[in-house]
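The values are calculated or read from the model by the stated rules, or taken from the named source; none is laboratory data. What you see is a predicted model, and the numbers here were worked out from it, not measured in a lab. All Cβ positions, glycine included, derive from the backbone under ideal geometry; neighbour counts span all protein chains shown. These accessible areas exclude ligands, DNA and RNA; they are computed on the full protein's heavy atoms, side chains included. Shrake-Rupley method; radii C 1.70, N 1.55, O 1.52, S 1.80 Å.
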Amino acid sequence: MENTIVALATPPGEGAVHIVRLSGKDAFRIGKACFEPKNREKWQANTSYTLHYGWFLDGDKKIDEVLVARMKGPFSYTGEDVLEINCHGGMLPARRIIEACLHQGARLAEPGEFSKRAFLNGKMDLIQAEAIIDLISARTDLAADLALTQLKGSLSLKIDEIRQDILDILSFIEATIDFPEDEVDDLAQTELAEKIMKAKEKAVEILKGSKTGKIIREGLLTVIAGRPNVGKSSLLNAFLEEERAIVTDIPGTTRDEIHEYIKVGDVLLHLIDTAGIRDSEDPVEMIGIERAWKALNMADLILLLLDVNEYNAHQFTKEEQFILEEYAEKTIVLINKVDLIPAYEFNDSFLDPKIFTLPLSVKNRLGFEELKDEILRRVYEGNSSISAKPLLSNIRQINALEKCINALEKAQEAVYADVPFDLVSIDIRSSLEEISLITGHNVQEDLLNNIFSRFCIGK
Ligand code: GDP
């Protein structure tokens, strides 16, 4: 981290102002060489959190009229000395300022490098770093609230607590192995099993809410399925007319599927329009169909549209039957076009009672409120104050926590199977590695510190 780095902190293009960010041990020296303050005395006082008006220079050449914010490390975003140069909002002033800094020995920052330095300097952990990205790309108020909760660090505290529990388990094992007076007694075995169980329970508790967290962050992956003409496009359009969500590209989505985002209450539905699911010999169509099946498999929610007359006649296609059998729990059956039949006469008693069935008329906007209520009920699972809770929302973190729990389970089973403690510690160590990935702790060093801090002097 010897280098001083510089980059444009605002989106490129024309605007009212641009901000160029400069961070590193030479930031203030570069500032001195390039900035001609109006109030020299104030600038030379070298105090932190101050704003200075003046000219930015490249050599002797004035390049823009600027405001420079000065933040001294370690009390800055990166933990290093930072200057933020507010300049006029064209690409040229910003580019020239960056070049002037480069001429003075700075180098261009890599993507995310300011935040990476903040992490390496201990200003935040990985959960908080990732929460910043989530906050920037949040598409609903709820997603922004969730990111803020993570940024404030309450989730980090919870994860750290489990991590500390696991470190304690390892220390306990070390201590027991170090003093093998006789064989490890039953008491130690019971105590170890209990300690593992407690850590696991805490981890499971956090994991429980994480499905909702992921949905809040990424949207509920939704497939609208049904045969041609049942009203899939009409339903999608009706949704879109009501509220189209602000959309930014999500990595990993393919261009040839139609992705739409709509807001239902405070929840984002990420709709995938599939190519229509039916058997085909045509290779091109088959690719589309394969993709559609994959989408069904991945989906958090399937909205299966049926035509009321076909439904009443118990006429289901093979594909519809498959969805009803395989995906009953995540499917909502919408019996569309009920406006076509007198007094909405339809029979809802013959489907599996597990399947939520709703009469609908896209044409007359009938059944929409019930549909929304059901979607929200599923997302929140009876938990409405979700944004204030410390939830994991990021798939990397969720995967790591799942692996941590699996390793703890394996360790628990090993203890019950009378496996020697030093072998149990292998699973505990891998659970520690996984949980450390969530916040980004350095495992080795921490483990050593934790163990040695429990030793008495002279041992
Ligand atoms: P898709 O092929 O599944 O996308 O079906 P469309 O959305 O294109 O709809 C097929 C036809 O059904 C269109 O003529 C729609 O106007 C009509 N339709 C859709 N929903 C309703 C409804 O609730 N009631 C009635 N009567 N017609 C509808």
key: Filter result for R21 (under 16 Å from L102 (Cβ atoms) and open to solvent by 80 Å² or more (accessible area, probe 1.4 Å))   = no
query = When only residues in the range 306-323 that are open to solvent by less than 80 Å² (accessible area, probe 1.4 Å) and charged (D, E, K, R) count, which is nearest to the ligand (Cβ to nearest atom)?
reply = D307
key: Residue under evaluation L447, criteria (1) at pLDDT 90 or above; (2) under 25 Å from M124 (Cα atoms); (3) open to solvent by less than 40 Å² (accessible area, probe 1.4 Å), criterion not met   = (1)
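How many of the residues in the range 134-153 are part of a helix (DSSP H, G or I) and touching a helix residue (DSSP H, G or I) at 6+ places or on another chain (Cβ under 8 Å)?
12
Residues L392, L296, L334, L303: which one is at pLDDT 80 or above, surrounded by 20 or more Cβ atoms within 10 Å (Cβ to Cβ), in a loop (DSSP other than H, G, I, E, B) and out of contact with any Lys or Arg (no Cβ under 7 Å at 6 or more places or on another chain)?
Only one candidate passes the filter, namely L392.
Here is a yes/no grid of residues against (1) open to solvent by 50 Å² or more (accessible area, probe 1.4 Å); (2) more than 31 Å from the chain's Cα centre (by Cα); (3) within 16 Å of the ligand (Cβ to nearest atom); (4) of a type outside the set (K, R):
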{"site": "A147", "(1), (2), (3), (4)": "no, no, no, yes"}
{"site": "I162", "(1), (2), (3), (4)": "no, no, no, yes"}
{"site": "I173", "(1), (2), (3), (4)": "no, yes, no, yes"}
{"site": "K200", "(1), (2), (3), (4)": "no, no, no, no"}
{"site": "I206", "(1), (2), (3), (4)": "no, no, no, yes"}
{"site": "G219", "(1), (2), (3), (4)": "no, no, no, yes"}
{"site": "S234", "(1), (2), (3), (4)": "yes, yes, yes, yes"}
ask   = Residues in the range 114-130: is at least one out of contact with any helix residue (DSSP H, G or I) (no Cβ under 9 Å at 6 or more places or on another chain), under 30 Å from G54 (Cα atoms), open to solvent by 30 Å² or more (accessible area, probe 1.4 Å) and at pLDDT below 90?
value = no
request  = Determine the pairs where a residue that is closer than 22 Å to E329 by Cβ and among the acidic types (D, E), located within the range 214-242, has a partner that is more than 16 Å from the ligand (Cβ to nearest atom) and part of a loop (DSSP other than H, G, I, E, B) with Cβ atoms under 9 Å apart, the partner being 6 or more residues away or on another chain.
outcome  = E218/I250; E218/S393
